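Readers should treat all values here as calculations from the given coordinates under stated rules, not as data from a laboratory. Just so you know, these numbers come straight off a predicted model, no measurement behind them. Counting neighbours? That spans all protein chains shown, and the Cβs are built from the backbone with ideal geometry, glycine included.
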Amino acid sequence: MSILGRSVSAKPAKRSGAAEVAAFIADGETENSLRMLVQEQVMTFTVIRRGSVRDAISYLGTAAPPRVLIVDVSSSRLPLADIDELANACEPGVIVIVIGQQNDIGLFRDLMHLGISDYLVKPVTTELLRRSISVALGGQSGGAVRQRTGKIIAVTGARGGVGTSTVMTNVGWLLANKIGRKVALVDLDLQCGSISLMLGLKKQAGMMEALKNAHRIDNVFLDRTLVHHGERLSVLSAEEPLGDDTRYEPQSLDKVIRDLEQRFHYVMFDVPRRPDPIYQHLLSQAQIRVVVANPTVASVRDVMRIMKMAGRDDIGQRLVLVLSHTVPPSQADISRRDFEKAVGRRADHEIPFTRHAMFADNAGKLLAQRRCPATDQLMRITDDLMGKRVVQRSLIARLLRR
């Protein structure tokens, strides 16, 4: 018998040894409903265990990612935080179904915003599970299937020369080489970008042409244009002549985002500080907007303008403010306290001045590969982008429950 009415030629699991469906359920009634469905549909390649989001995360750390992951948040005091933590452990492309007890439209919308495919409220019947899994696996028409995709991060500077590209390149390298995530760095300074230069890579031709002709962007284009730095870090960049017209439509960038987020855990854009539609469009699309500033009055003014344009933080979208010291301290600098008071919020991170950064590019060695206080701060930024702060709040909540 075919699984949920699908033919046996349906798309196989992503990797050899991967379960088609893996479920972590908190109660016996829901577990029995799922086991009845598995037996009825002869679903031989499934994993069903008692557990929570934490157990699902542990499973993903040792097993090949399933096509469909079902998690139970009934016992979670912070379900959104737990699902956000799960998202950082999930491979892009995994379809996530969440089961819970709260019949709350606000929670449903927030979970969908985080990229889940469906939210089922208990009691969950066999028929309800059948429909949800069938849609997830493409067995029935239910609209577009929502898959877990990579996180989009836009990095921009309040002013030029504040270290925006340095921060992005080093954090991307740390995500790939210290955390083990698949990372794509996209340099949108199409004429004078420095990310490939920092990594010692040659730029491939074709990015500008594709951005002006969005229909040409596909997996073949990405395979040809992406330049790889090791196994997990890839770069998309260009070096167009200074006299060329490098304008393109925001819709072309959307196509790049959609294709890259299906392949990478993190897609980071180095966004040049220009008041054009591309700049505003990308800041509105990114889940995380990283703004890098130096401790000057001019930076204070421009940070406030960027924050006003970006809008307030929301579920699945937030702004991270980084105070960067790229030159030795001078009398023109203002204190961190005065900076924060002026912009009306705290800086999330502060990178101290280090002479290593001045020579890192020429030496062919990234700042993240050195040992210094600035590297420690870059690692903290990396943890923050992964949601480690959310993890800490979630951990505290679990301890309070005991």
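Out of residues 5 or more away from Glu350 or on other chains, whose amide H comes under 5 Å of its own, with H placed 1.01 Å from N in the peptide plane?
Leu323
Which whole-number value in Å³ per residue fits the convex hull of the alpha carbons of the range 107-264? Intermediate results must be reported in sequence, preceding the final value.
On the way: hull volume 26.0 nm³, N = 158.
Dividing the Cα hull volume of the range 107-264 by its residues yields 165 Å³.
Name the residues whose placed amide hydrogens come within less than 5 Å of the amide hydrogen of Val96, ignoring near sequence neighbours (fewer than 5 apart) on the same chain.
Close amide H contacts, sequence-distant or interchain: Leu69, Ser117, Arg148.
Across the range 66-82, in residue order, what do the Karplus-derived ³J(HN,Hα) couplings come to in whole Hz, using 6.51 cos²θ - 1.76 cosθ + 1.60 with θ = phi - 60° and x for Gly and Pro?
Karplus-based 3J(HN,Hα) across the range 66-82 equals x, 6, 10, 10, 10, 10, 10, 10, 4, 8, 8, 7, 10, x, 5, 5, 5 Hz.
What would the Debye equation give as log₁₀ I(q)/I(0) for the range 23-145 at q = 0.10, 0.12, 0.21 Å⁻¹, counting only Cα atoms as equal point scatterers?
The computed values of log10 I(q)/I(0) come out as -0.27, -0.39, -1.37.
For the range 151-386, what are Rg and Dmax over the alpha carbons, in angstrom?
17.1, 53
Within the chain, what is the number of lysine pairs with alpha carbons under 21 Å apart, leaving out pairs fewer than eight places apart on the same chain?
Lysine pair count for the chain: 19.
Helix 373-385 against the longest principal axis of the chain: what's the angle in degrees, Cα atoms only, rounded to the nearest 10?
Approximately 40 degrees, to the nearest ten.
Hey, what number do you get for the chain at 222 nm if only DSSP H runs of n ≥ 4 count, each worth -39500 (n - 2.57), divided across all residues, to the nearest 500?
-12000 deg cm²/dmol
List, in order, the whole-Hz ³J(HN,Hα) value for each residue of the range 256-267 obtained from phi through the Karplus relation with A = 6.51, B = -1.76, C = 1.60 and θ = phi - 60°; use x for Gly and Pro.
Karplus-based 3J(HN,Hα) across the range 256-267 equals 4, 4, 4, 6, 6, 5, 7, 10, 10, 5, 9, 10 Hz.
Over its Cα atoms, what ratio of radius of gyration to 2.2 N^0.38 Å does the range 205-331 give?
Details: Rg = 16.7 Å, N = 127, 2.2 N^0.38 = 13.9 Å.
For the range 205-331, the normalised Cα radius of gyration is 1.20.
Long-range amide H contacts for Thr296: which residues qualify at under 5 Å (H placed 1.01 Å from N, peptide plane, sequence gap of 5 or more or a different chain)?
Ile334
What are the radius of gyration and Dmax of the range 90-141, computed over its Cα atoms and given in Å?
Expressed in Å, the Cα Rg and Dmax of the range 90-141 come to 11.4, 29.
With a cut-off of at most 15 other beta carbons within 10 Å, and DSSP calling the residue loop, which trypsin sites (Lys or Arg not before Pro) in the range 149-229 qualify? Please list them.
Taking the range 149-229 and a limit of 15 other Cβ atoms within 10 Å, the loop trypsin sites (Lys or Arg not before Pro) found are Lys178, Lys202.
So I have (1) 22.7, 77; (2) 20.9, 66; (3) 26.1, 75, and one of them is Rg and Dmax of the Cα atoms in Å calculated from this model. Which one is it?
(1)
What whole-number distance in Å separates the alpha-carbon centres of the range 78-142 and the range 249-320?
If you average the Cα positions of each part, the centres end up 27 Å apart.
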